[in-house]
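Bear in mind these aren't lab numbers, they're just calculated from the coordinates by the rules spelled out. Small disclaimer: the values here were computed from a predicted structure and weren't measured. Positions of Cβ are generated from backbone atoms using ideal geometry, with glycine treated the same way; all protein chains shown enter the neighbour counts.
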Amino acid sequence: MVLSIRSLTKIFPGTRALDGVDFDLRAGEVHALLGENGAGKSTLIKCLTGAYQRSAGTVRLDGAEIAPTSTVEAQDLGIGTVYQEVNLLPNLTVAQNLMFGREPRRFGLIDHRSLRAEARRLLAEYGLDIDVDRDLGSYSVAVRQIVAIARAVALSGKVLILDEPTASLDAREVQMLFKVVRGLRDRGLGIIFVSHFLDQVFDLCDRVTVLRNGRHVVTTETDALDRMALIEHMLGRTLRDEVLHNPPPDRGPRPEMLRFTGIGRRGVVEPFDLTIGKGEVVGLAGLLGSGRTESAELLFGLRPAQTGEARDESGKLDLPGPRAAIGHGFGFAPEDRKTDGIVADLSLRENILLGLQARRGWMRPIPRAEQNRLADDYIRRLDIRTSGKEKPIGELSGGNQQKAVLARWLAMNPRFLILDEPTRGIDVGAHAEILHLIHDLVDQGLSILVISSELDELLAVSNRVIVLRDRRHVAELTGAAISGEGIMRAIAATEGAPA
Amino acid sequence: MTGTALKRIAPQLLALAALVGLVSLFYPGFLSVSVNDGRLVGPAIDVLKRSAPVAILAVGMTLVIATRGIDLSVGATMAICGAVAAYAVSAGTGLPVALALAIGAGLLAGLWNGVLVALVGVQPFVATLILMTAGRGIAQLITEGRILTFTDPAFAFVGSGTLWGLPFPAWLWLALAVLTALVMRRTALGMLVESIGINRRASALAGVNAVVLLIAVYMAMGFCAALAGLVVTADIRGADANNAGLWLELDAILAVVIGGNSLLGGRFSIAASVIGALIIQTITIGIRLAGFPSEYNLVIKAVLVVVILVLQSPRIAAEWRYWRDEARRKREAEGKGTP
C-alpha cells in the first residue's frame, strides 16, 4: 500500500466537503476516483497535494504519516499532480519546462547541453521523440500532458494524480496518454485517475473508488463492476436506463423545414448539404477536429460561409451573422460554455433574459415583473439548482450553467436549435436531464442539431446522424442504420485514405 | 435609490465623509456656506464646481470601462471641443451653433475611437492613444497655436455662471450623471453594456449588437468630453490647446476606479464614479486649504488615493469581514458561557 487514507475529513464553513473517507492506493495500480460534481474528489486531491489542510483523519505515505502544507512539499514527499489545464509554462521550451527549478549547472550557470540531453532522456522513457528546444506551447495538449507527467514523475515518483487529464484530448491522443500511464503503472507507481469518462475508467483502471456527497461509497475491482452499477453508485439512484441506452422514438419522416445547400468555407469545412426536418434531431458525429463545431458555426453565421445558401419554406435566408440567424429563429448553445456561453458576472436571471432583451432592443426593457416570471419559470422547468435567480451565473455548477444557456434560447422561442456538446463537463445526473429535455423540446416541434463526441448520447437522441471526417461530411445514417458500430465504421471507412 | 444601490456606493460615501472630516480638522471652515449676492459660497461649493470636468468625464469613462475598454483621448478631445467652440464664438456664429459644433466634434472623436475599437479591433488603450497624441495637435491647428480668447458672456456662463444658487457646472455634472444613470437602468442599456464588457463573444452569440453598442459608448464618452471641454474653456474664457484637459483622462480613470468599478469591465456604478470625482477634488482643494506648501500637493494626493484604494480593495474587505465575524463568534461564545 503506497498511500493509505483513513477517515479523512475536511470541513469548510457550513459544509463537510469530506466526511470520514477511507482510500487506499497500491503501488502499481491505476485507481479511478469517481463521483458527481460536489462529491469531494477535488477536495480529496487538494488534501493530498497540500492545497488544503485536512480537518481530521490520517494520510500515510509508505507507512509514514504526512501532512503536506504546499504542493512543493507534497512533490518532495513523492506525490505529483497533473491537471487538465496543464500547469506548465507554454512560452518556455520543452526542456526548460521539464528541468525547471533543477537545471544542471556548470560553474553556477545553466548547462544548456546537459539540460537538453537530460530532457531528451526523460522523454525517451515515454516513447516521445520531439524537439525539446521548441516552446511547449507549440505542441498539442496531449504532448503537453505527457511532458507534465514526465516532470511530475521525475520530481515525485511515488504517487501520480491525474485530474481530468483527457478532457480536451481526442481518441487517439487518449490512447497515447494511456500507454504512458500503463507504463508508469508497470514501473510501480500508484496512480489516481479522475475522469468523467466512464469508458476510459473501464479501459484503464484496475480499481474504482466512488465518492458521493463527501462520503466513501464503494471501492472495487473494475472487472467486478458493470457500467450501470457504477452509475448507480455515483448517483445513489437508478439512472433512467432507457434514456441513455434506448433509441429515440421513431418520429417517422418529418416535413422539411430548413435546407442548406453547398454551405462551406475554404480551410474550415468543405461545402455540404443539410436538411433539417420539423421536430427532428440530427446528430453530428466525428472526431475532434473533424469540422463538427465549424459546420455549426457556418450554419449560425458565426463564421460567414463563402459558398452555399440556406432556404426555408418562405425562401432564401441570409446568414451574415448571429443576429440574422437569431432573426430566422435559430439558436446556438456553444461548446465552450465559459468563454462563449455564459456572461459570468451577470445574474442567472440576466443570463436567461439576455438573448430576448437583445432581440427586443435596449429601448424596450422587459418589465421587471415579467423578467422575474420568465426566470422563475425556466428555473423551474429546467430544474436549475440555485440559491436564487440573482446569483451570478459563474457561481453555478457546469450543468446548471448549461441549462441556463438553454433557457436563454428557449425563452426566445426558436425553431432550430444547435447544441454543441450540450453535456460536456456535466455530471451524470444533469446529463440524463438534458437528454430528457431534448426529447421534450422535439416533441413540442423544435428541430435540434446535436454535436457530440459521446456516441451513446448521439444514439440516445438522434433521428439521423451525419458523420464528419477531415472537415468533410462523409456519411448520413438514418433509422436502423444508426448504431455505435455504424457511426464508428463510417468514421473509420475513410480513415487512412488520402483526404 | 434602492437598498442594494446604496450599499454599492457606501464605501465611496464613507471615504468622502472621512476625507471631509479630515480636511475640516485642518481647516474648520471647510463645510461653512454663506450666501453672497444670491449665490452660495464656500469651500464645499467650490469642490462641487471644480469637480465638474472630471465628474463629467467620469460618467462617460464609467461606461467605456464597463465595456472593458479605456479612453485615453478625452483630455485631448476636451481641448479640440473647447477650441472649436471658442473659434466659432469669436467668428460670430452665435452660441447655439458654437455649442453644437463643439459637441459634434466630441461625437466625431468618439466615433473614431469606437470604430477603431469595435470594427477594426484595435485594443482600446492603443486606439485611444492615437487620438490622445493627435488631438492636441488638432486643437493647436484650430487655435493656430494661440490661446483663443472670447468675451461672449452667455458662453462664459457655462463655466462660471450661477443657477438657483449653485454654480452652473455643478448642475451640469449632476444632471448628466442622474440622466445617464436613469437611461442605463431604466432601459436595458446598462445590462447590455455590462454583458459585452464581461463576455463580448458570448453576448454577440446571444444576439447583442456589440459593435453598435461599443461605438455608441465611445460616442457617449466623446459627448462627455465635449461638455467637459466647454466647461473649462468657458471658465477661463479662452481655449488653451496645450493645457485644456491636460492629464484629466487619468483623473477620470482614477475617479472610476475609486468608484469601485473594475478595469476588467462589467458591473458599473455611475454614482460611485461621480463620488470618486468629488473625492479627488476634495483632496485637491483640501490640501490647499490645509495650508501645505504647493510642492506637497501631488505627493499627499497620491498617498490619500492609495489609502482609499487599499481600504476599498475586496481582499481587505474580506479580511475585515472575517475579523468582524470572528469577534462576533467570540462574543457569542462568551455570552453562552455565562448563564
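General observations
- Rg(Cα)/(2.2 N^0.38 Å) for segment B:216-286, N = residue count: 1.20
- Cα gyration tensor, segment B:103-217 - rounded (a/c under 1.5), prolate or oblate: oblate
- Mean partner shielding of peptide B:218-227, defined as the number of other chain Cβ atoms within 10 Å of each residue Cβ, is 0.
- Using just its DSSP H runs of length 4 or more, each adding -39500 (n - 2.57), chain A gives a mean residue ellipticity at 222 nm of -10500 deg cm²/dmol after division by all residues.
- In order along segment B:99-108, the Karplus-derived 3J(HN,Hα) couplings, from 6.51 cos²θ - 1.76 cosθ + 1.60 at θ = phi - 60°, round to 4, 4, 4, 4, 5, x, 4, x, 5, 5 Hz, and Gly and Pro are given as x.
- For chain B, the relative contact order is 31 percent, taking Cα pairs closer than 8 Å that sit 6 or more residues apart in sequence and dividing their mean separation by the residue count.
- Of the residues A:Asp223, A:Asp163, A:Asp206, the one with the fewest other Cβ atoms within 10 Å heads the list, and the complete ranking is A:Asp223, A:Asp206, A:Asp163.
- For chain A: relative contact order, % (alpha-carbon pairs under 8 angstrom, 6 or more apart): 15
- Restricting segment B:50-150 to trypsin sites (Lys or Arg not before Pro) that sit in a DSSP loop and have at most 12 other Cβ atoms within 10 Å of their own Cβ leaves B:Arg146.
- Given 14 as the ceiling on other Cβ atoms within 10 Å, longest exposed-site-free region of chain A for GluC sites (Glu not before Pro) in DSSP loops: A:126-312
- Loop-resident trypsin sites (Lys or Arg not before Pro) (DSSP state other than H, G, I, E or B) in segment A:43-150 with no more than 14 further Cβ atoms inside 10 Å of their Cβ: A:Arg102, A:Arg134.
- Dimensions of segment A:345-413 from C-alpha coordinates, computed as largest minus smallest value along each principal axis and given longest first, are 33, 22, 18 Å.
- Kirkwood hydrodynamic radius of segment A:147-212, from the reciprocal of the average inverse Cα-Cα distance over all distinct pairs: 12.4 Å.
- Ranked by how many other Cβ atoms sit within 10 Å of their own Cβ, fewest first, the residues A:Ser462, B:Ser313, B:Ser294 fall in the order B:Ser294, B:Ser313, A:Ser462.
- Segment B:232-339: chymotrypsin sites (Phe, Trp or Tyr not before Pro) in DSSP coil with no more than 11 other Cβ atoms inside 10 Å: B:Trp247
- For B:256-269, mean number of other protein chain Cβ atoms within 10 Å: 1
- DSSP-defined antiparallel bridges as percent of all bridges, the protein assembly as shown, nearest 5: 60
- Shape of segment B:1-149, Cα gyration tensor, a/c cut at 1.5: oblate
- Counting neighbouring Cβ atoms within 10 Å and putting the fewest first, the residues B:Phe168, A:Phe107 line up as A:Phe107, B:Phe168.
- Counting only DSSP H runs of at least 4 residues, each contributing -39500 (n - 2.57), and dividing by the residue count of chain B, the helix-based mean residue ellipticity at 222 nm comes to -24000 deg cm²/dmol.
- Intensity falloff of chain A expressed as log10 I(q)/I(0), Debye formula with alpha-carbon point scatterers, at q = 0.07 Å⁻¹: -0.44
- Remark on A:Arg471: its backbone amide H falls under 5 Å from those of A:Gly291, a criterion applied only to residues 5 or more positions apart or on other chains, H modelled at 1.01 Å from N.
- Across segment A:345-413, the relative contact order, built from alpha-carbon pairs under 8 Å that are at least six residues apart, equals 52 percent.
- Relative to its residue count, segment A:396-470 spans a Cα convex hull of 99 Å³ per residue.
- Prolate/oblate/rounded call for chain B, Cα gyration tensor, a/c under 1.5 rounded: oblate
- Pairs exceeding a 28 Å alpha-carbon distance, out of A:Lys10/A:Lys158; A:Lys389/B:Lys7; B:Lys7/B:Lys301; A:Lys41/B:Lys7; B:Lys49/B:Lys301: A:Lys41/B:Lys7.
- For the pair segment A:196-218 / segment A:386-441, the C-alpha centres are spaced 25 Å from each other.
- Residue by residue along A:359-369, Cβ atoms of other protein chains within 10 Å of the local Cβ number 3 on average.
- Residues with amide H under 5 Å from that of A:Leu3, placed H, sequence gap 5 or more: A:Leu25, A:Asp62
- All distinct Cα pairs of the protein assembly as shown go into the 1/r average, and the inverse of that average, the Kirkwood radius, is 31.1 Å.
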